[in-house]
1. Condition (residue is closer than 30 Å to residue 12 by Cα and modelled with pLDDT under 90) applied to region 87-108: is it met by at least one residue?
2. Might you check whether a residue that is exposed (fewer than 13 other Cβ atoms within 10 Å of the Cβ), modelled with pLDDT of 95 or more, in a strand (DSSP E or B) and hydroxyl-bearing (Ser, Thr, Tyr) occurs anywhere in region 47-58?
3. Within region 143-174, how many residues turn out to be of a type in the set (Gly, Ala, Ser), open to solvent by 30 Å² or more (accessible area, probe 1.4 Å) and in a strand (DSSP E or B)?
4. For region 143-160, how many residues are among the hydroxyl-bearing types (Ser, Thr, Tyr) and modelled with pLDDT of 95 or more?
5. Could you check region 59-78 and list, in sequence order, the residues that are touching a residue at least 12 places away in the same chain (Cβ under 8 Å) and either small (Gly, Ala, Ser) or loosely packed, with under 12 Cβ neighbours inside 10 Å (or both)?
6. Evaluate the following for residue 81: is it more than 30 Å from residue 57 (Cα to Cα) and either open to solvent by 70 Å² or more (accessible area, probe 1.4 Å) or not in a loop (DSSP other than H, G, I, E, B) (or both)?
7. Out of 95, 103, report the one residue that is under 28 Å from the mean Cα position of the chain (by Cα) and either more than 30 Å from residue 57 (Cα to Cα) or of a type in the set (Ser, Thr, Tyr) (or both).
8. Among the residues of region 86-116, count how many are open to solvent by less than 50 Å² (accessible area, probe 1.4 Å), outside any strand (DSSP E or B) and in contact with a Gly (Cβ under 8 Å, 6 or more places away or on another chain).
Amino acid sequence: IVAENAAGATIGTLSAIDPDFGDSASYAIADDASGLFEIVGDELRLKSGVSVDYETQREFDVTVQATDSAGKVFEKTITINATDVNEAPGAISLSSTSVVENSDGGVVGTIAASDPDAGDIVTYVVSDDRFEIVGDQLKLKSGISLDYETAEPIDVTITATDAGGLTSEQAFTL
């Protein structure tokens with residue numbers, strides 16, 4: 001078992017039992033269709049800097065070869081299962097960064113953020129108290145409007161939070 005996104009993780013320690021008392025074994029990968037794994041000493045690992053993605057592939061078959069000092073070879077295919085970990089929502093987008101002037105409660109635009117975890121619900125908050133997020137729309141609160149001639153550009157930060165509490169933020173200038 002290996003957790004997704006765990007670059008270079010150790011999968012486990014390999015061992016072989018040889019009927020010749022005191023004999024040792026060396027290990028090699030005979031087949032790894034994914035090309036993601038390596039053996040270092042007697043440990044099966046993900047290659048340095050490499051990780052698996054649960055949402056893309058959940059099982060990996062690796063055939064390991066044990067060779068004793070007499071050159072006798074034993075092969076076994078090991079199935080490695082990836083486990084899912086909660087991942088933060090991705091980049092946040094806003095369909096528009098302007099609002100119609102003097103529009104009480106006017107809509108700025110539609111917000112979107114994807115979450116790599118299938119079925120995860122994303123909620124949003126905005127940093128400026130004059131705005132609110134209703135459904136997936138950023139809008140001015142009721143009773144608030146902006147006047148083009150007097151308004152300065154407004155910097156807001158939208159924070160997306162997934163069901164596991166992980167967040168991502170994006171700043172926008174309106």
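The values are calculated or read from the model by the stated rules, or taken from the named source; none is laboratory data. Not measured: the values here are computed from a predicted model. Don't worry about glycine lacking a Cβ; one is built from the backbone with ideal geometry, like all the others, and counts go over all protein chains shown. Note: accessible area is taken over every heavy atom of the protein model, side chains too, but ligands, DNA and RNA are not part of it. Shrake-Rupley method; radii C 1.70, N 1.55, O 1.52, S 1.80 Å.
1. Keep residues of region 87-108 that are closer than 30 Å to residue 12 by Cα, which gives 87-88.
Filter once more, keeping what is modelled with pLDDT under 90: none.
Within region 87-108, not a single residue is closer than 30 Å to residue 12 by Cα and modelled with pLDDT under 90.
2. No - not one qualifying residue is present in region 47-58.
3. Within region 143-174, the first condition is being of a type in the set (Gly, Ala, Ser), and the residues that meet it are 143, 145, 151, 160, 163-165, 168, 171.
Checking the rest, the ones that are also open to solvent by 30 Å² or more (accessible area, probe 1.4 Å) come to 143, 145, 151, 163-165, 171.
Now narrow it down to the ones that are in a strand (DSSP E or B): 171.
Qualifying residue count for the region: 1.
4. Residues meeting the conditions: 2.
5. 59, 66, 69, 70, 77
6. Working: more than 30 Å from residue 57 (Cα to Cα): no; either open to solvent by 70 Å² or more (accessible area, probe 1.4 Å) or not in a loop (DSSP other than H, G, I, E, B) (or both): yes.
Against the criterion (more than 30 Å from residue 57 (Cα to Cα) and either open to solvent by 70 Å² or more (accessible area, probe 1.4 Å) or not in a loop (DSSP other than H, G, I, E, B) (or both)), residue 81 does not qualify.
7. Step by step, each of 95, 103 is checked, and only 95 is under 28 Å from the mean Cα position of the chain (by Cα) and either more than 30 Å from residue 57 (Cα to Cα) or of a type in the set (Ser, Thr, Tyr) (or both).
8. Residues meeting the conditions: 4.
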